[in-house]
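Inspection log for the structure reproduced underneath, given as structure tokens.
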Amino acid sequence: MISSLAEKLERKLSYFSKTVEDELTTKQREIFAGSKKDLYKTTENIEQQHQEKLKIKQEEFNRISNRKIAEAKVKAMRGFVEIKLEELEKLFVSISAILAEFTQSAEYENYLIESINAKKNRADFTRVLLSPYDMRMESKIKTATGLSVEPGRDDYIGGFILLDNNHTVRDDCTFKTTLDCEKSNFSYL
């Protein structure tokens, strides 16, 4: 009987041991599965945080890059405009020299007389202002146009200014004014 009791006790202990072992294995698996889920979630959270930081850094990099690109474009445009203005200035200096050379030619006197007469027929002008240098042609212009000829205060490079009886400028046909006007048309560069 003791042996049967011992066998029963041993079976019960064995069953209890197996049950406890099975429960421990199940608990270990549950704990491991839960830890695995927690580890996965933690890894996922870390990865998401990393992606968010990466996105923020990328946006910051893009802002800085775009700003630097814009600054470089502005600098390039300024350089381009400076070069264009320098070239424009050279062009107008060259044109001024050509016009000054024209004022020394024999054709210049005829140009002045024809231009003054063409303007005179369209309005009521009584006086002509010429550059001080052009006053050498005063008598020829006065005879050819019938207008009073007076010296202007400035060198106009060439050309003339027509005045009315009140000494009001009615038409400025000086080369300097024409050049300045043309030069201002290039101001959009």
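Every number here is computed from the coordinates shown, using simple stated rules; none is lab data. Keep in mind the model is a prediction, meaning the values are calculated, not measured. Here the Cβ is made from the backbone with ideal geometry for all residues, glycine too, and neighbour counts use every protein chain on show.
Tell me whether the range 173-188 contains one or more residues that are of a type in the set (Asp, Glu) and under 30 Å from Met77 (Cβ atoms). Looking for residues that are of a type in the set (Asp, Glu) and under 30 Å from Met77 (Cβ atoms), one finds at least one in the range 173-188, hence yes. Within the range 132-167, the set of residues being within 43 Å of the chain's Cα centre (by Cα) and hydroxyl-bearing (Ser, Thr, Tyr) comprises Tyr156 only. Within the range 156-185, being surrounded by 14 or more Cβ atoms within 10 Å (Cβ to Cβ) and in a loop (DSSP other than H, G, I, E, B) holds for Tyr156, Ile157, Gly158, Gly159, Asp164, Cys173, Thr174. For Ser139, indicate whether it is closer than 19 Å to Asp171 by Cα and either out of contact with any Lys or Arg (no Cβ under 8 Å at 6 or more places or on another chain) or polar (S, T, N, Q) (or both). Taking the combined requirement at face value, the residue does not satisfy it.
So that you can scan it fast, the table gives a plain yes or no per residue for (1) in contact with a His (Cβ under 7 Å, 6 or more places away or on another chain); (2) acidic (Asp, Glu); (3) part of a helix (DSSP H, G or I):
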site	(1), (2), (3)
Glu87	no, yes, yes
Ile98	no, no, yes
Ile113	no, no, yes
Val128	no, no, no
